[in-house]
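A.B. asks: The structure is given below, and queries will be raised subsequently.
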Protein chains: 2
Amino acid sequence: MEVLKVSASSKPGLVAGALAAVIREEGTVEMQTIGAGALNQAIKAIAIARGFVAPSGIDIYCIPAFTDIEIGGEKRTAIKLIVESKK
Amino acid sequence: MEVLKVSASSKPGLVAGALAAVIREEGTVEMQTIGAGALNQAIKAIAIARGFVAPSGIDIYCIPAFTDIEIGGEKRTAIKLIVESKK
């Protein structure tokens, strides 16, 4: 599954475009976020992307989950959002 | 639809319990958040609640959307999360 890493400085509109493109190609995508700011941008991107794909009859939703990642030898808990399409 | 208002100081475990209870009763619930901190707690609550309801064969997901709310005469953009069950 393709993974989109989203940070607090990511622009939701741009992430939404990438998200919509992957959803159209593969039907599913995973977004990875660390921290509240990054999660905020990722969720906004999903809301915006819903508008991009809805005219094509694609209805997307997300499944949030915890995931452990390692950054510079340190373990951090990240939140991943698995985005899928209803159709 | 029942609305759960989540703030940055809400405890994800407690919100998850409330979420799971409403999902079992009504099959759907709306969460309302203002700000990245509140959204963070709401998303964590959904991830935790997935574990609460999964043993009963209930698989939940969320649909993020923008919504305008008024607080003390001021308009704010909030993010609502519509939580639904796949079955």
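The values are calculated or read from the model by the stated rules, or taken from the named source; none is laboratory data. Treat the numbers as computed from the prediction; the structure is a model and nothing was measured. With ideal geometry, Cβ positions are generated from the backbone for all residues, glycine too; neighbour counts draw on all protein chains shown. Heads up: the accessible areas ignore ligands, DNA and RNA and are worked out on the full protein's heavy atoms, side chains in. Shrake-Rupley method; radii C 1.70, N 1.55, O 1.52, S 1.80 Å.
A.B. asks: Shortest first and in nm with one decimal, please list how far the B:Phe66 label point sits from its counterparts in the other copies (point 7 Å along Cα→Cβ).
C.D. replies: Counterpart label points of B:Phe66 in the remaining copies fall at 3.2 nm.
A.B. asks: Relative to the longest principal axis of chain B, what angle (0 to 90°, nearest 10) does the C-alpha long axis of helix B:36-53 take?
C.D. replies: Once rounded, one gets 10 degrees.
A.B. asks: Using a label point 7 Å beyond Cα on the Cα-Cβ vector, give me the inter-copy distances for B:Ile82 in nanometres, one decimal, shortest first.
C.D. replies: B:Ile82 label point versus its equivalents elsewhere: 2.2 nm.
A.B. asks: Heads up, I need the accessible area for A:Cys62: 1.4 angstrom probe, whole protein in place, Å², nearest 10.
C.D. replies: Here the residue's solvent-accessible area equals roughly 0 Å².
A.B. asks: Counting only protein heavy atoms, what percent of the accessible surface of chain B is carbon or sulfur at a 1.4 Å probe?
C.D. replies: 50 percent
A.B. asks: Sticking with this one: Give A:Lys44/B:Lys44; A:Lys80/B:Lys80; A:Lys80/B:Lys75 a once-over and call out the pairs whose C-alpha atoms are over 21 Å from each other.
C.D. replies: Values: A:Lys44/B:Lys44 16 Å; A:Lys80/B:Lys80 18 Å; A:Lys80/B:Lys75 30 Å.
Going by Cα-Cα distance, A:Lys80/B:Lys75 fall outside the 21 Å limit.
A.B. asks: Now for a different question. Using the Cα atoms of chain A to build a convex hull, what is its mean projected area in square nanometres?
C.D. replies: Values: hull surface 21.2 nm².
With every direction weighted equally, the projected area is 5.3 nm².
A.B. asks: Using a 1.4 angstrom probe, figure out how much accessible area the protein assembly as shown has per residue, in square angstrom, rounded to the nearest whole. Please report the intermediate quantities before stating the final value.
C.D. replies: Values: 8430 Å² over 174 residues.
About 48 Å² of surface per residue is accessible.
A.B. asks: Right, something else. Given the options B:Ala21, B:Ala54, B:Ala42, which has the most mean-square fluctuation in a GNM of chain B, springs set between C-alpha atoms less than 10 angstrom apart?
C.D. replies: It is B:Ala54.
A.B. asks: Treating the angle as unsigned and between 0 and 90°, give the value, to the nearest 10°, between the Cα long axis of helix A:12-26 and the longest Cα principal axis of chain A.
C.D. replies: 70 degrees
A.B. asks: Can you give the accessible area buried between chains B and A, summed over both chains, with a 1.4 Å probe, in Å² to the nearest 100? Could the numbers behind the result be given before it?
C.D. replies: Values: alone 5040 and 5050 Å², together 8430 Å².
Protein heavy atoms only, the B-A interface buries about 1700 Å².
A.B. asks: When DSSP assigns beta bridges and you keep just the ones with both residues in chain A, what percent turn out antiparallel, to the nearest 5?
C.D. replies: Here the antiparallel bridges make up roughly 80 percent for chain A.
A.B. asks: Given a 1.4 Å probe, show me the residues in the range B:16-61 buried by at least 40 Å² of accessible surface when comparing the whole protein assembly to the chain alone.
C.D. replies: B:Ala36, B:Leu39, B:Asn40, B:Ile43, B:Ala47, B:Arg50, B:Tyr61
A.B. asks: Let me ask you something else. Provide an ascending nm list, one decimal, of label-point separations from B:Glu26 to the equivalent residue in each further copy; define each label point as 7 Å from Cα along Cα→Cβ.
C.D. replies: Its label point is 3.6 nm from the equivalent points in the other copies.
A.B. asks: What FRET efficiency would be calculated for the residue pair B:Ser56, A:Glu70, taking the C-beta separation as r and a Förster radius of 35 Å, to the nearest 0.05?
C.D. replies: On the way: r = 34 Å, r/R0 = 0.97.
With R0 = 35 Å, the Cβ-Cβ based efficiency is 0.55.
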